Amino acid sequence: MCNYSKSLKITLQITDKNIKILDKTDEIEINGCKHLVYYGVLEASSNFCPYCQKCKIINNGYRKVKVKMPSISDKPAILYLNKHRFICRGCRKSFTAETTEVRKNSNTSKNLRAGIIKRLSKENTLKEIAESCAVSTNTVLRIQCDLSKTLERPKTLPVCMCFDEVSSTSDSISKMSFVYADALTHKIQNILQGRTNKIIKDYFLYYSYQERCKVKAVVIDMNSGYKSIIRELFPNAKIVIDRFHIVQLVNRAFNKYRVSFMNSIKDKNKELYRQLKCYWKNLLTSYNELDNGTHKKFKYFKYITTEQDIVNYLIKQDSQLYKCYWLIQDLREALEKDDFDSFKALINDKSTLPRYMFTAIKTLRKYKRQIKNTMYYNGLSNGPLEGINNKIKVIKRISYGYKSFSNFKAKILLVFSLFTPSETNKKPRYSKEERQAVLAKKKEIRLKRKNRKKAILLNIA
């Protein structure tokens, strides 16, 4: 009997010594689902009244309660627990024996609650968690709300931050939310119900002036609204433009001109039109990454050629396209090597450019000072925050959207704040020598891959 009770306590993961599991188990059907039913008794853990602190207590029978346990063999488990009841002779108040296995006024065991919390830290929906744990959706939502209260506003601000916005719920202002994260630990800090200047200012003004002065750098995209806020709230912070958004700006401008040039020759030269449409990715790829050694047959070309030769042929068909292409290649190379002098000379060049490229270069001139900071703080990027935003969109899509911003925010903070490392060894800035060494390694790897492809093609031939 004792060994049986002990083995069942190990199976049910019950650690309270006052609970005794009886030699009785059943399998019953509840709402079309088979449940494993266990029975137990909870004896008193103390011999005095919790109200008057006197030892004048007498037995007052038992109270049967239903406790939901974690599933066993993919079947929900229930423990019917007879709790010992007492009555005090002194104050005439009755009370029941308490256990550490279940919270007060709850029928969910601590082990089942821990399982629900673990599932809440993943991208699962509330309904999926409720079905897997055999509880109601309201129970899961209640646990999520309790946990979200523990995830308070950060007491300090990170030294380096990333700013961005993400599509939010319908009850948010302009249906967008402001998100910021630590640029070094890549950990989300908070999400706000809107992205207006007033909401962002009200949030950060909660912190003292001394705390805000500790912020050294803020990484943003080319959003002019953030510039004025950062200057006002963080006096010592340097504004850093994300490298990806700089490259994206010039690539999009070049692509728009390519499309406009294609449309202008659509009826005159259909063959060139098809070639420009087919090999747009090659035109946006870095010239050094294009293969120059492997000669093979390409679509819309009647002769054997290489990727670099295709690009050279296409850009020579229009003088403006040629000029824009090499301007972008030089800008990207200067950005990669952190050569601000070369970058500045390229954007200050007053040669005639197409409308799209002229607008992009004008924008780069506007953010010239911030781009210089980008090259100085070359270890900082908005990439981690973009990854967080991508995961937020996945959470939203899996759940078929959220109506309430509070539930949406709670889910996001639970997914990113639970079971995540708090520290990292990442440095805020790398030396140019280290960066050049990494770039040289990458080039070596690319050359090895090209040589391997050549060898394979020669063997096939």
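The values are calculated or read from the model by the stated rules, or taken from the named source; none is laboratory data. If you're wondering where the values come from, they're calculated on a predicted model, not measured in any experiment. So basically every Cβ, Gly included, is an ideal-geometry build from the backbone, and we count neighbours across all protein chains shown. Please note that ligands, DNA and RNA were not included when accessible areas were found on the heavy atoms of the full protein model with its side chains. Shrake-Rupley method; radii C 1.70, N 1.55, O 1.52, S 1.80 Å.
Within segment 191-245, which residues are within 24 Å of residue 391 (Cβ to Cβ) and β-branched (Val, Ile, Thr)?
191, 199, 200, 218, 219, 220, 240, 241
Any idea which of (1) within 29 Å of residue 259 (Cβ to Cβ); (2) basic (Lys, Arg); (3) part of a helix (DSSP H, G or I) is the one residue 350 doesn't satisfy?
All conditions pass for residue 350, except number (3).
Just for segment 47-75: of the residues that are under 30 Å from residue 115 (Cβ atoms) and not in a strand (DSSP E or B), which one is most open to solvent (accessible area, probe 1.4 Å)?
74
In segment 109-136, what residues are open to solvent by less than 50 Å² (accessible area, probe 1.4 Å), on the phi < 0 side of the Ramachandran plot and not in a helix (DSSP H, G or I)?
109, 121, 125, 135
In segment 91-102, which residue that is farther than 25 Å from residue 23 by Cα and in contact with a strand residue (DSSP E or B) (Cβ under 9 Å, 6 or more places away or on another chain) is least open to solvent (accessible area, probe 1.4 Å)?
By that ranking, first place goes to 95.
Identify, from the list 304, 328, 347, the residue that is open to solvent by 40 Å² or more (accessible area, probe 1.4 Å) and among the hydrophobic types (A, V, I, L, M, F, W, C).
None of the other options fit; the residue is 304.
Are any residues in segment 1-44 in contact (Cβ under 8 Å) with a residue 60 or more places away in the chain and either touching a Lys or Arg at 6+ places or on another chain (Cβ under 6 Å) or more than 15 Å from residue 64 (Cα to Cα) (or both), and if so, which ones?
Of everything in segment 1-44, those that are in contact (Cβ under 8 Å) with a residue 60 or more places away in the chain and either touching a Lys or Arg at 6+ places or on another chain (Cβ under 6 Å) or more than 15 Å from residue 64 (Cα to Cα) (or both) turn out to be 11, 12, 13, 14, 15, 16, 18, 33, 35.
Scanning for something over 24 Å from residue 146 (Cβ atoms), at pLDDT 85 or above, not in a loop (DSSP other than H, G, I, E, B) and not acidic (Asp, Glu), does segment 93-107 turn up at least one residue?
Within segment 93-107 (the criterion being over 24 Å from residue 146 (Cβ atoms), at pLDDT 85 or above, not in a loop (DSSP other than H, G, I, E, B) and not acidic (Asp, Glu)), the answer is no, since none of the residues qualifies.
Please go through (1) open to solvent by less than 40 Å² (accessible area, probe 1.4 Å); (2) free of Cβ contacts under 8 Å to residues at least 40 places away in the same chain; (3) farther than 24 Å from residue 174 by Cα for residue 239 and return the number of the only condition it doesn't satisfy.
The number of the failed condition is (2).
Under 6 Å between Cβ atoms, at least 6 apart or on separate chains: pull out the pairs that start in segment 67-84 with a residue that is over 19 Å from residue 22 (Cβ atoms) and end on any residue that is not in a strand (DSSP E or B).
Note: pairs meeting the criteria are 70/111; 70/112; 70/115; 76/134.
Condition first: under 30 Å from residue 77 (Cα atoms) and either surrounded by fewer than 15 Cβ atoms within 10 Å (Cβ to Cβ) or free of Cβ contacts under 8 Å to residues at least 12 places away in the same chain (or both). Now tell me which residues in segment 137-175 satisfy that.
137, 138, 142, 145, 146, 149, 150
How many residues does segment 1-43 contain that are acidic (Asp, Glu) and open to solvent by less than 80 Å² (accessible area, probe 1.4 Å)?
Going through segment 1-43 one residue at a time, the tally reaches 3.
Take segment 186-197 and flag every residue that is closer than 24 Å to residue 148 by Cβ and out of contact with any Pro (no Cβ under 6 Å at 6 or more places or on another chain).
187, 188, 190, 191, 192, 193, 194, 195, 196
Quickly run through segment 354-369 and pick out the residues that are under 22 Å from residue 162 (Cα atoms) and surrounded by 19 or more Cβ atoms within 10 Å (Cβ to Cβ).
364, 367
Would you tally the residues in segment 370-422 being part of a helix (DSSP H, G or I), open to solvent by 50 Å² or more (accessible area, probe 1.4 Å) and more than 29 Å from residue 171 (Cα to Cα)?
The qualifying residues number 2.
Mind listing just one residue for me: the one in segment 96-152 that is farther than 17 Å from residue 15 by Cα and among the small types (Gly, Ala, Ser) and, of those, farthest from the chain's Cα centre (by Cα)?
Looking at the filtered set, the residue picked out is 106.
List, please: which pairs have Cβ atoms under 8 Å, are six or more places apart or on different chains, and start with a residue in segment 395-408 that is closer than 14 Å to residue 120 by Cβ and hydrophobic (A, V, I, L, M, F, W, C) and end with one that is open to solvent by 40 Å² or more (accessible area, probe 1.4 Å) and assigned to a helix (DSSP H, G or I)?
These pairs meet every condition: 408/396.
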